[in-house]
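The values are calculated or read from the model by the stated rules, or taken from the named source; none is laboratory data. Just so it is clear, the structure is predicted and the values come from calculations on it, not from any experiment. Cβ atoms come from the backbone with ideal geometry, glycine included; neighbour counts cover every protein chain shown. Heads up: the accessible areas ignore ligands, DNA and RNA and are worked out on the full protein's heavy atoms, side chains in. Shrake-Rupley method; radii C 1.70, N 1.55, O 1.52, S 1.80 Å.
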Amino acid sequence: MKLIDLRSDTVTLPTPEMMEAIMKAKLGDDGRARGDKGEDETAVAVEKKVADKLGLDDSLFVPSGTFGNTVCVMAYAKRGDSVVVASNSHIYKSEKVLFDDDVCGRVPVIVPQIRGVYNIAELISVLRTKKIAVVCIENSYNFEGGAVIPKNKMREIIDLCSSYGVPVHLDGARIFNAAEALNTDVANLIKGVKSVMVCVSKGLCAPIGSFIAGDKEFIKKVRDIRKKMGGQLRQVGILEAAAGIAIDTMTNYVNYDNIRARKLAEGIQNAKGIYIDMSTVQTNIIKVDLTGRVEAREFIKRLEDEKKVKTHYINDSSIRLVTYHGISDDDIEETITRIKDFCNSI
Ligand SMILES: *Cc1c(COP(=O)(O)O)cnc(C)c1O
């Protein structure tokens, strides 16, 4: 039986075109300043390409999404300053470093959200009564089954924050999946955010890295923070060459991942002991709630042992399935059959 790995889109491997671009990349020392950029020609070109794609002035390569979110928020908020996040946002729940007293010491202000959209009344009350350095949003929303924030809701949140003079940082790890799901241009979707982080190492298949983007002044500031944090790399064109191909070839492709996730969710939603909130299945992530007696860790282990399907733990009663380049239509059909069989057997 073929192993089908649905744990995460981070398992994607670079495409042959990316490997070729890596071989051919013109390199230099990105840490030696030449104006606002370094000496790596590939890095300069790809950072411009990413900025253009996102409709922002400039962009900067960072080693990971966590690194990118962290340096952006650090640019707005000093130690002790307040940062608005949701309790199950990736930044707060998974990354944690910004709010770790020993490391960054920023102070989280938790505002409730549904499918990535803050409760507006609560957000207003926070903006009114507290000094907030930055409001973080996430689109698509990882721990809500990859749900997307619609364009009008993005606008509402951005405009509201702007009326209080508070910048918005977007954790856009999977913003291209979100843009495809919303059938909109990414630059249009994110218009008004002061900064964004996008991952190229997930569904876009590049091996390593993320970008942050914003206005010139902001990127300059973050470049300094990146250096202090040890995130300035030398011949980074090796990585950015692959990222450039990811931006050129994969940003629309992720729509197929979204479609396959929908198909998979539809196929297994009525399986015994499974509940899926189909309204959240909008991109390439499916959150599956387990309603049977089997706890998530056991479900995951047995599904892998018995049916060769790998999935990811969310909590004791829910798991995550993620589609990506390399998971084909046949794999989806096969997974549906295997999961249904498995659910009938437990
Ligand atoms: C994966 C992810 C990140 C962090 O990216 P890493 O490269 O793993 O550090 C940030 N936000 C969201 C929503 C993510 O899914």
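Neighbours of GLY105 by Cβ distance under 14 Å: Lys/Arg scored +1, Asp/Glu scored -1, total 0. Summarising the amide proton neighbourhood of HIS312: residues at separation of 5 or more, or on other chains, whose placed amide H is nearer than 5 Å comprise ARG320. Please report the net charge: other residues with Cβ closer than 9 Å to the Cβ of GLY267, K and R +1, D and E -1. Net charge in that neighbourhood comes out at 0. Here the stretch 234-321 is treated with +1 on each Lys and Arg Cβ and -1 on each Asp and Glu Cβ, and its dipole about the Cα centre works out to around 200 debye.
Before anything else, pin down the relative contact order of the stretch 55-119: Cα pairs under 8 Å, at least 6 apart, normalised by residue count, whole percent. Intermediate values should be presented prior to the final figure.
On the way: 69 pairs, mean separation 18.8, N = 65.
Relative contact order for the stretch 55-119 comes out at 29 percent.
Each part reduced to its alpha carbon centroid, the stretch 111-190 and the stretch 2-69 end up 25 Å apart.
Overall, the stretch 1-109 carries a charge dipole of about 220 debye about its Cα centre when +1 sits on the Cβ of Lys and Arg and -1 on the Cβ of Asp and Glu, all other atoms neutral.
Summing +1 for each Lys or Arg and -1 for each Asp or Glu among the other residues whose beta-carbon sits under 10 angstrom from that of SER317 gives -3. Using Cα-Cα distances under 8 Å and only pairs 6 or more residues apart, what relative contact order does the chain have, in percent? For the chain, the relative contact order is 24 percent. For the cross-link pairs LYS93/LYS301; LYS2/LYS263; LYS263/LYS301; LYS151/LYS220; LYS49/LYS310; LYS2/LYS53, the ones whose C-alpha atoms lie over 30 Å apart are LYS49/LYS310; LYS2/LYS53. Computed over the stretch 15-111, relative contact order equals 16 percent, with contacts defined as Cα pairs under 8 Å that lie 6+ residues apart.
If you model the stretch 99-157 as an ellipsoid using its alpha carbon gyration tensor, with each semi-axis the square root of five times an eigenvalue, the axes come out at 22, 17, 9 Å, biggest first. Among the trypsin sites (Lys or Arg not before Pro) found in the stretch 233-273, not one is both in a DSSP coil and sparsely packed, with 10 or fewer other Cβ atoms within 10 Å of its Cβ. With 19 Å as the limit, the listed pairs LYS308/LYS340; LYS78/LYS227; LYS130/LYS216 have LYS130/LYS216 beyond it between alpha carbons. The alpha-carbon of LYS191 sits under 13 angstrom from the alpha-carbons of these aspartates and glutamates, leaving out residues fewer than 8 places away in its chain: ASP52, ASP57, GLU156, ASP159, ASP215.
Per-residue SASA remark: THR311, around 10 Å² accessible (1.4 Å probe; ligands, DNA and RNA not included). Between PHE67, ILE158, ALA51, the Cα set farthest toward the positive side of the dipole of the stretch 46-161 (charges on each charged residue's Cβ, about the Cα centre) is that of ILE158. Phi angles across the stretch 179-196 convert, under the Karplus curve 6.51 cos²θ - 1.76 cosθ + 1.60 with θ = phi - 60°, into 3J(HN,Hα) values of 4, 5, 4, 8, 6, 9, 6, 5, 4, 5, 4, 9, 3, x, 6, 7, 8, 9 Hz, Gly and Pro given as x.
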